[in-house]
Amino acid sequence: MIKPHGGAALTPLYVEDADERREMATQAQSLNSVLLSSAGAANAVMLGAGYFTPLSGFMDQADAMSVADSMRTGAGLFWPIPILCLADTTERIAPGQFIALRDPNVDGNPVLAVLEVDNAETLSEQDMAHLSEKIYRTTDAAHPGVAAFKNQGRKLLSGAVKVLNFSYFKTEFAETFRTAVEIRAAIKRRGWKKTVAFQTRNPMHRAHEELCRIAMQRVGANGCVIHMLLGKLKRGDIPATVRAAAISKMVELYFPKNTVIIAGYGFDMLYAGPREAVLHAIFRQNMGATHFIIGRDHAGVGDYYGEFDAQTIFDDEVADGELAIEIFRADHTAYSRKLNKVVMMREAPNHAPEDFVLLSGTKVREMLSNGIAPPPQFSRPEVAQILMDYYRAK
């Protein structure tokens, strides 16, 4: 199988031994503690699940700035986005201490992980602005990723971490949440030599479905992992449970058996566009995918990024050999009335806009809210029914 990023084996930071885990959880109750932000908790979950291999914990200020400026840690590891533990206060915390990191997303704020503190630093306003500009390409507080970043606090804790649970993801999404270790094992069991990964934070329409099929055919893949983000989104996005039900129905009815794995991962969307696309590629390599689909405005929001910036970053800023996973570059995909099939629009010459079935997200939401199914060329009727039921209940 494809090797994990930066080494020969995954390095999940979850404490597998149940006895050790219980003992650490008990001892953690007497430790100084910090309430994580949602983003910090998601970073801990991803570290625990092996997606952020080969990192051993949270980055310090020097590594954060190095990654922001050059997409490399101080030790030379290729990495696109700083993995940080930011807090409002670090009183009574000093290097060498073990501290409990508490979960903001679960009632009672249980201990999510234990951090051995290497350093406790304070980021200045200028530091925060610099990181924001490099990661998000903007400091505009209207950008949801920038807003979430600025609200995490400026006290930066770094060091090795041991993860004791997977927050709410393992309980609320028991049928969907999978670690990188579990997905890699599932791919190996199936004997897939080439595996395509598809990122989604939305329900999948016909265009998404066919894009997975096109990518599998062109790279000669044995299977596809439809990998859903399960963490925090922006206001108005469809909940993960509804997305999972819609995607499961689509796969059940329209893909051959044993060619698709549906899985979810516990991370908050950053909306960091090109930099986030590179991070997505790294953790898809870690879970065992050989190819990763990146389409128009991948991980984008609003008009902060060019339509294909998330593809060109792999040409302009990712040197050969940095990643083992290959990128499948996709165009906007839509149903062609002329050809009676879904196509990538750049591959459909002699087409006018009206030759495609194109609907805006606003229009689709309006139709679903009113109990009107989008045309079958746009959305599978069984998928549309699940979404209409959700909007009616809402």
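Per-structure values
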{"quantity": "Part-to-part distance (alpha-carbon centres) for region 380-394 and region 248-266, which is given in Å", "calculated": "18 Å"}
{"quantity": "For region 308-367: span of alpha carbons on each principal axis (Å, largest first)", "calculated": "43, 29, 17"}
{"quantity": "Arg392-Asp303 pseudo-label distance in nm [points 7 Å out on the Cα-to-Cβ vector]", "calculated": "3.8 nm"}
{"quantity": "Accessible area expressed per residue, the chain, with surrounding protein chains retained (probe 1.4 Å, Å²)", "calculated": "43 Å²"}
{"quantity": "Global geometry of region 226-351, whether rounded, prolate or oblate, following the gyration tensor of its Cα atoms and the 1.5 cut on a/c", "calculated": "rounded"}
{"quantity": "Cβ charges +1 (Lys, Arg) and -1 (Asp, Glu), total dipole of region 124-192, debye", "calculated": "480 debye"}
{"quantity": "Cβ-placed point charges (K, R +1; D, E -1), dipole of the chain about Cα centre in debye, nearest 20", "calculated": "1520 debye"}
{"quantity": "Reduced Cα scattering model of region 86-207, Debye log10 I(q)/I(0), q = 0.10 Å⁻¹", "calculated": "-0.52"}
{"quantity": "Cβ-derived FRET efficiency at R0 45 Å, Ala141 paired with His351, nearest 0.05", "calculated": "0.65"}
{"quantity": "Packing-based order for 157-170, 295-308, 91-104, using average beta carbon neighbours within 10 Å, highest first", "calculated": "157-170, 295-308, 91-104"}
{"quantity": "Sequence-distant residues sharing a close amide H with Ile261 (under 5 Å, placed H)", "calculated": "Cys224, Val225, Ile226"}
{"quantity": "Alpha-carbon Rg/Rh ratio, for region 278-329, with Rh computed the Kirkwood way", "calculated": "0.96"}
{"quantity": "Label-point gap, in nm, between Asp320 and Arg337 - each point 7 angstrom along Cα→Cβ", "calculated": "4.6 nm"}
{"quantity": "Cα centroid separation - region 1-19 against region 313-343, whole Å", "calculated": "29 Å"}
{"quantity": "Over 29 Å (Cα to Cα) - which of Lys193/Lys249; Lys3/Lys150; Lys188/Lys341; Lys249/Lys363 fall in this group", "calculated": "Lys3/Lys150; Lys188/Lys341"}
{"quantity": "Cα pair distances in region 1-108, grouped into 5 Å bins until the bin that holds the longest one, percent each", "calculated": "2, 11, 16, 22, 22, 15, 9, 3, 0, 0"}
{"quantity": "Three principal axis lengths of region 140-267 [C-alpha, angstrom, descending]", "calculated": "49, 33, 28"}
{"quantity": "Among beta bridges that DSSP assigns inside the chain, antiparallel share in %, nearest 5", "calculated": "55 percent"}
{"quantity": "Candidate aspartates and glutamates - alpha carbon under 16 Å from Lys162, same-chain residues fewer than 8 apart omitted", "calculated": "Glu16, Asp17, Asp19, Glu20, Glu23, Asp103, Glu116, Asp118"}
{"quantity": "Rounded to 5, percent antiparallel among DSSP beta bridges of region 223-372", "calculated": "40 percent"}
{"quantity": "Net dipole in debye of region 182-271 [+1 Lys, Arg Cβ; -1 Asp, Glu Cβ; about Cα centre; nearest 20]", "calculated": "240 debye"}
{"quantity": "D_trans [Stokes-Einstein, Kirkwood Rh over alpha-carbon pairs] for the chain, 20 °C, 1.002 mPa s, µm² s⁻¹", "calculated": "98 µm²/s"}
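The values are calculated or read from the model by the stated rules, or taken from the named source; none is laboratory data. Treat the numbers as computed from the prediction; the structure is a model and nothing was measured. Quick reminder, even Gly has a Cβ in these numbers, built from the backbone with ideal geometry, and neighbours come from all protein chains shown. Only protein heavy atoms, including side chains, enter the accessible area calculation; ligands, DNA and RNA are left aside. Shrake-Rupley method; radii C 1.70, N 1.55, O 1.52, S 1.80 Å.
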